[in-house]
Each structure stands twice: as structure tokens, then as C-alpha cells.
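The block underneath contains the structure these notes are about, expressed in C-alpha cells.
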Amino acid sequence: MNAEALIQTRRNLHQIPELGFNELKTQQYLLKSIADLPQENLTVKTWKTGILVKVNGKNPSKTIGYRADIDGLPITEETDYSFQSIHEGQMHACGHDFHMTIALGVLERLARYPINDNVVIIFQPAEEGPGGALPLIESKLFQEWRPDLIFALHIAPELPVGTVSSKAGLLFANTSELFIDFRGKGGHAAYPHLTKDMVVAASSFVSQLQQIVSRRVDPLESAVITIGKIEGGFVQNVIAERARLEGTIRTLNPMIIDEVKQEIETLAKGYEISNDCIISIDYGSNYYQVFNDETYVDLFKETVQQTGVTWKEARAAMTGEDFGYMLKEIPGFMFWLGVDSPYGLHHSKLQPKEEALLTGVNLVESTIRNM
């Protein structure tokens, strides 16, 4: 695809964002786009709402994997695009429309001009949640086509077009969702002594959570507990029988996240006694750290230099990505692709520059051919 075709493909995909494991229109669009390519070197199979495409090599000695995520986010779009999302309350606010488009562009080139080795292009569902990478890895199809090495990209709004960034070792954190439900006894606001107030319990619990990081975690380790949402009660003069906290845990060490969870559970047991209530905890989606293989990062840097793209050494970040599960099992790496947007990831006004699409295709194709 030339630059114009890449832009049109991205815009088409941008209009149909769908949430994890519901990417039905997206899958249909991708399958049609793949069907329009030369088929003699391709084998196409579906997995749930995802797609795996094997480009059969001319004289294969290994299999190279490249992964693109395909789901959107439950965010109402607020861009001024003429091609806004047609799905109310859903948006490609994390750049997965870019990721898919770049993968399609690379696939087209490989379909026409295959390399010696096999290449598997993975269109993975449910990265944003509930997590598609881990069940995909465990599938029979993935194991049948299991790559010997694998890599992926993620758009970076803060970097200019023509710049990429990565690093050897830890790039993204271990993450876990956190949902905590409190159940007590509601009643009239005038008679608090006859109730078990869950707004008070939950509010106090939020403050105590922060002491886990400051007083229970080794200060030489990094950990974050964030509560981003609190719900409780129905009306101003009724004491709430239920309350709910929603948040996230993030650490740079996979062992520390288990320690943090244990501390949360210990705290909850104490609160059940002191507030005479029942507390239940659900950790939702959990993502393993993205840990880049040094050898492949060095090879990638050489490719970057050959293609004239600017390299910037990355710093580890507390962001999460379920691609980490793939890197846990298979050596490889992830890198940031600059797209120069004034609004960041997961923002309702994210507007990455479309010039980055061709940069991404050229770089990914060159990386595959150099591996």
C-alpha cells in the first residue's frame, strides 16, 4: 500500500472500534483486506475475533512473529475528524487503528515479495481487556505456528514522526486491574449507629492503600496503587450499604505485584472486622511486564540507522501491555513509534499524524527482512 492507501485504511478502521473479543466488524474488514492480497504464499486462520496470517518463506530456517492489537476503548470520541467512530462510546484512542494498518501494509509487501523465513502476522484481539495475548499463546493454533522471535510496536504521541524509541530490558510494567466491593448495612442518615456505612469504610480504605506502597513495599522497588473510580450510595440522606473502588496496581518487578496483592487482602480482612462488613476483591485483567531481548533490540537499532529513522533511548514506564506475555515465552521486543499528537494515549482527542503510517510499514518490513 502506498501512503494514500494506508491513510484510507486507517480511517476505515478508525470508524469501527470495538471492545475486546467483540471485534466482529474489524475482523471482517481485516479478512477482506487480506483476501485482496496475492494468496499463493499466505495461510490465513482465525482465532476468536483475531486473525493469524502465515507468510510461507522460500527456504525457512525460523519463524518471525509480528503482532498488532485490534480492539478499541470505551471512550466517546471528541476529535474533529470527518471519519469519527460510528460506534457510540467506543474509540480507537490507543492507536490500534494505526497498529492494524501498519501490519496490513507489511503483510501486503511480504505477500508479494516473501523472505526466506516464515513470518506470522498476528492480529490480536482484546489487548485493552480482558486480555487476548495469554489465551492466544495457549491456543493450539499459536503453538502450531509458534514464532522463534516476535516483535511489535506502539504509537507514541509524545514523539515526532520519524522517531522511534525502545530499550533493552524492562520497557513496560507488570499491571493488574483492581476492583474492591464493600457490603455493609444501609439505613437512614439520621440513625448512623444502626448502619454499617460503606462510603466511610471505602473512603478510609483508599487512604490506607497508599500506605502499602509507602510502608510495605521495599523503597528500592517501584509500585503504584491508583484508585480511579469510587461508587457508593444512591441518595444524599441514606447511608450507603454498598461501595465499590476501581483502580490499578503497577510494579516493575513481577514478584512485587504479588506482594502488593497480599497486602491489600490483609488490609481488607482487618477492615471487615473493624467495619463489620464484607469485602470482595477482583483483580480483573493482569498483564506481565514487557521485557525486551537485548540482542534483538541491537539488531533493531541497526535497522533504524539504515532506514534513516531517528533513534531515542526509552525509559521504563508504568504502562501495561499484554504483549508482555508473548515476550515472556518468546524472545523479542516492542518499540515506540512517534506519531506527534497533542493529546496522549487513551484521550478522547488523540490525533496521531498519518505520515507515521508509511514510516511504520517501512521500518517493520525492513526489520523483518534483517532478522
Could you please find all residues in region 290-326 being in contact with a strand residue (DSSP E or B) (Cβ under 8 Å, 6 or more places away or on another chain) and open to solvent by less than 20 Å² (accessible area, probe 1.4 Å)?
-> Val290, Asn292, Val297, Phe300, Val304, Ala314, Glu321, Asp322, Phe323, Gly324, Met326
Output the residues belonging to region 205-238 that are in contact (Cβ under 8 Å) with a residue 12 or more places away in the chain, open to solvent by 60 Å² or more (accessible area, probe 1.4 Å) and farther than 15 Å from Ser176 by Cβ.
-> Gln208, Gln210, Arg216, Asp218, Glu221, Lys229, Ile230, Glu231, Gln236, Asn237, Val238
Condition check for Gly57: open to solvent by 10 Å² or more (accessible area, probe 1.4 Å), over 21 Å from the mean Cα position of the chain (by Cα) and either over 15 Å from Cys94 (Cα atoms) or in contact (Cβ under 8 Å) with a residue 24 or more places away in the chain (or both) | yes
Every residue from region 276-315 that is farther than 30 Å from Gly184 by Cα, part of a loop (DSSP other than H, G, I, E, B) and modelled with pLDDT under 95 = Gly308
If you take the residues in region 214-239 that are touching a Ser or Thr at 6+ places or on another chain (Cβ under 9 Å) and part of a loop (DSSP other than H, G, I, E, B), which one is farthest from Asn253 (Cα to Cα)?
-> Val217
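Of all residues in region 321-371, how many are of a type in the set (Gly, Ala, Ser) and either modelled with pLDDT under 95 or within 24 Å of Glu138 (Cα to Cα) (or both)?
Counting residues in region 321-371 that are of a type in the set (Gly, Ala, Ser) and either modelled with pLDDT under 95 or within 24 Å of Glu138 (Cα to Cα) (or both) gives 2.
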Quickly run through region 332-352 and pick out the residues that are of a type outside the set (S, T, N, Q), buried (at least 17 other Cβ atoms within 10 Å of the Cβ) and assigned to a loop (DSSP other than H, G, I, E, B).
-> Val339, Asp340, Leu345, His347, Leu350, Pro352
Kindly list, by first and then second residue, each pair from a residue in region 77-93 that is more than 18 Å from Ile155 (Cβ to Cβ) and without any contact (Cβ under 8 Å) to a residue 24 or more places away in the chain to a residue that is open to solvent by 20 Å² or more (accessible area, probe 1.4 Å) and part of a loop (DSSP other than H, G, I, E, B), limited to pairs with Cβ atoms under 8 Å and residues at least 6 apart or on different chains.
-> Glu88/Thr76; Gly89/Pro74; Gly89/Ile75; Gly89/Thr76
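One line per residue, one yes/no per condition, for (1) crowded, with 22+ Cβ neighbours inside 10 Å; (2) on the phi > 0 side of the Ramachandran plot:
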residue	(1), (2)
Gly129	no, yes
Gly132	yes, no
Pro147	yes, no
Pro157	no, no
Val161	no, no
Ser165	no, no
Leu170	no, no
In region 1-27, the residues that are open to solvent by 30 Å² or more (accessible area, probe 1.4 Å), closer than 24 Å to Leu141 by Cβ and of a type outside the set (Lys, Arg) = Leu19, Phe21, Asn22, Leu24
When you go through (1) among the β-branched types (Val, Ile, Thr); (2) over 29 Å from the mean Cα position of the chain (by Cα); (3) open to solvent by less than 70 Å² (accessible area, probe 1.4 Å) one by one for Ile278, which number turns out not to apply?
-> (3)
Determine whether Asn286 is open to solvent by 30 Å² or more (accessible area, probe 1.4 Å) and under 23 Å from Gly132 (Cα atoms).
-> yes
Among the residues of region 73-80, is any acidic (Asp, Glu), closer than 21 Å to Leu357 by Cβ and loosely packed, with under 15 Cβ neighbours inside 10 Å?
-> yes
Taking the condition part of a helix (DSSP H, G or I) and either more than 30 Å from Glu294 (Cβ to Cβ) or hydroxyl-bearing (Ser, Thr, Tyr) (or both), does Ser165 pass?
-> no
Give region 60-72 a look and list any residue that's open to solvent by 50 Å² or more (accessible area, probe 1.4 Å) and among the small types (Gly, Ala, Ser), or say none.
-> Ser61
List pairs: first in region 288-315 and under 22 Å from Asn253 (Cβ atoms), second open to solvent by 60 Å² or more (accessible area, probe 1.4 Å) and in a helix (DSSP H, G or I), Cβ under 6 Å, 6+ apart or cross-chain?
-> Tyr288/Lys328
Report yes if some residue within region 102-113 is over 19 Å from Glu127 (Cα atoms), without any contact (Cβ under 8 Å) to a residue 60 or more places away in the chain and basic (Lys, Arg); otherwise report no.
-> no
Going through region 28-40 one residue at a time, which ones are touching a strand residue (DSSP E or B) at 6+ places or on another chain (Cβ under 7 Å) and either more than 20 Å from Trp145 (Cα to Cα) or surrounded by fewer than 18 Cβ atoms within 10 Å (Cβ to Cβ) (or both)?
-> Leu31
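The values are calculated or read from the model by the stated rules, or taken from the named source; none is laboratory data. All figures in this text were calculated on a predicted structure; none of them were measured in a lab. FYI the Cβ positions are ideal-geometry reconstructions off the backbone, even for glycines, and counts take in every protein chain you see. Please note that ligands, DNA and RNA were not included when accessible areas were found on the heavy atoms of the full protein model with its side chains. Shrake-Rupley method; radii C 1.70, N 1.55, O 1.52, S 1.80 Å.
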